[in-house]
Amino acid sequence: MTRANLVFAALLAVLVPLSLLAGRVWIAPGDFGPGNTWLILAELRAPRAVLAVTIGAGLGAAGAAMQGYLRNPLADPGLFGIAPMAALGAVASFWLGSAIPPAWAAWSLPLMALIGAGLGMAALALIAGRTTSDATGGAGGGIALFTLAGLMLASLAGALTALAITLAPNPFALSEIVMWLNGALTDRSWREVAIAAPLTLAGIGVLALAARSLDALTLGEEAARSLGVEPGRLLALLVVGIGLTVGAGVAVAGIIGFVGLIVPHLVRPLTDRLPSSLIVPSALAGACLVLFADSVVRVLPLVTELRLGIALSLIGAPFFGWLLLRMRRGRL
Amino acid sequence: MTADAGLVAENLTLTRGGREVVRAVSAELVPGQITAITGPNGAGKSSLLLGLAGLLSPADGQVTLEGRALAALAPADRARALGYLPQSPDIAWDVAVENLVALGRLPWRDRGTAEVAAALAALDLEALRKRPVSRLSGGERARVLLARVLAGTPHWILADEPLAAIDLAHQFRLIAHLKACAAAGQGVVIVLHDLALAMNHADRVLVLKDGALLADGPPEIALAPAVIAQGWDTDVTWIGEPGAQALTFPAGGH
């Protein structure tokens, strides 16, 4: 086990029990008797903690892979346009609302979000997929075009989401959409864990398959191809891996930004800095970050709970600014 | 030497961005030699090297390696046989020298500890093995990047301007290493802008102009003043002893 894995696994082992105890109702260690305490733990805190770990791990791994692929420490999986597409799918489910049969109602949101993520993945693969082969003459279209395709997709999904909000069928739907877009883990259950955990785990597995190819990209696209990297295969692994991790996260928790951007920076100094060394520790560190942030928003003495997505953006945006300053000084 | 032993361009035509950059080039390159590709700016030197490395698919013709079409080789097999060194790539992450050199082992899917150590030793980089690449000088960096290629123990080394932007002493050290590789039986193909370096150190020179092969042969012939006049539109003469020649421009000439 590498040093980075060890550090963040140990941190996670400390944070998980702490997060189970923390909340509006504090639970004393050892006070696990029957009754409300057990109910709070088993039905509220435990699924919430597992979900935080799952989503954080997915976003952390996706961020590490994304930064490796774009060869840029300021990249975020949100750039791929998959998160906004998943959010659009979720918003569509609010919009359809009453049209969905009651038996399906509980599943419609995550399902629609996953469909949105899937459509985003397909669109990216269609736009950027063919140009990454050398047949076009290797004029450098590959990764740059991919980024632009992701940005285009994100803008389009954002615009359609805004449209859906302005055309919301009623004020309740409107408020629900807006609240949901600022991701949170409030009132989540084992059902959400059952949706997100297998997809996220599969996604991290797919990203791990891309790890060595991402290492080769350290030397640039042409050198990577000369080392046997197949751009089409790498693109497919990235799109599927990020689609699964980010899509699953948005499906159960809404948009949670900045985790994928921040986490690889926390991990990088503990590794040899190659992308392959970052993916697993970034998953662990992402789990720590989201679990920690979610525990903090739970105990903050506010009238209503601070949304996790907002909290992480409040941390993430200044962090991004700090990264930019470091980059300006040539320390990144 | 038969064609089966070499890296052969057969009537190779390459396009980039819809434009023909290499036109119908045929050349049979043999291992154990330093082959220099030269020509004026925009002549298609780097494109030809990419084509020979199998990184640019032919629009027409083909490249074969030991009798097999490059396009038919699995990417990993091609990568083990052909080591490609791009022109001064920017290195995305500030990794340590030994980790960068070890990237050369990717096609082999092993750690290649012995090969990495040998490559570091060959280029005199042992003292720098733990140093982050951001703290290397230009010459050190060029050596590290070449060591990365050597660590893959390819049959062929295809390098794009490996001597550009490094000082004289480091140029000669790198040339000495490339000569040692050729002497050990590897094929060495380098794109060179500096005609004197090509004249003095290459065994064979390919001169390109507008994507077509203008001359191909030993440097005395392929870089004869008449060829240079045709390729570069410049009148020059060679002075000095064989192996240490320099170009001079006539006074008042363009």
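What the table below lists for this structure:
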item	result
Degrees between helix A:3-21 axis and first principal axis of chain A (Cα, 0 to 90, nearest 10)	20 degrees
Contact order normalised by residue count of the stretch A:80-255, Cα under 8 Å, 6+ apart, percent	36 percent
Sites excluded, trypsin sites (Lys or Arg not before Pro) in DSSP loops with at most 12 other C-beta within 10 Å, longest stretch of chain A	A:25-328
Residue among A:TRP107, A:TRP38, A:TRP180 with the largest mean-square fluctuation in a Gaussian network model of chain A, springs linking Cα atoms under 10 Å	A:TRP38
Under 5 Å, built H, 5+ apart or other chain: amide partners of B:ALA159	B:LEU85, B:VAL189, B:ILE190, B:VAL191
Peptide B:102-112 - average C-beta neighbours from other chains (10 Å radius)	3
Per-residue mean of C-beta atoms belonging to partner chains within 10 Å, peptide B:88-99	6
Reachable lysines from B:LYS209, criterion Cα separation under 29 angstrom, eight or more residues apart if same chain	B:LYS45, B:LYS179
Helix A:190-209 axis, angle to chain A major axis (alpha carbon atoms, nearest 10°)	20 degrees
Label-point separation, A:GLU43 to A:ALA317 (7 Å along Cα→Cβ), nm	3.8 nm
Most mobile listed residue (A:PRO47, A:PRO281, A:PRO102) in chain A, GNM with C-alpha springs under 10 Å	A:PRO102
Acute angle (nearest 10 degrees) that the helix A:141-166 long axis makes with the longest principal axis of chain A, alpha-carbon atoms	30 degrees
For the stretch A:80-255: Kirkwood Rh in Å [reciprocal of mean 1/r, alpha carbons]	17.2 Å
Packing-based ranking, highest mean first, of B:74-87, A:5-18 given that Cβ atoms within 10 Å are counted	B:74-87, A:5-18
Relative contact order (%) - chain B, alpha-carbon pairs under 8 angstrom, separation at least six	24 percent
Using θ = phi - 60° and Karplus 6.51 cos²θ - 1.76 cosθ + 1.60, couplings along the stretch B:123-135 (whole Hz; Gly, Pro as x)	9, 6, 10, 4, 5, 9, 4, 8, 6, x, 5, 5, 9
Cβ neighbours within 10 Å from other chains - mean over A:210-219	5
Distance from the stretch A:186-215 to the stretch B:135-166 (C-alpha centre basis), Å	39 Å
Long-range amide H partners of B:ALA215 with built H, under 5 Å	B:VAL207
Rel. contact order, % - alpha carbon contacts under 8 angstrom, at least six apart, chain A	33 percent
Candidates B:THR35, B:THR234, B:THR15: whichever shows maximal mean-square fluctuation once chain B is modelled as a Gaussian network with Cα springs under 10 Å	B:THR234
Inter-site label distance for A:TRP107 and A:MET327 at 7 Å from Cα along Cβ, in nm	4.2 nm
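Read the figures in this text as sums done on the coordinates, not as results from a lab. Remember, it's a predicted structure, so these values are computed and weren't measured experimentally. All Cβ positions, even for glycine, are placed from backbone atoms using ideal geometry, and neighbour counts span all protein chains on display.
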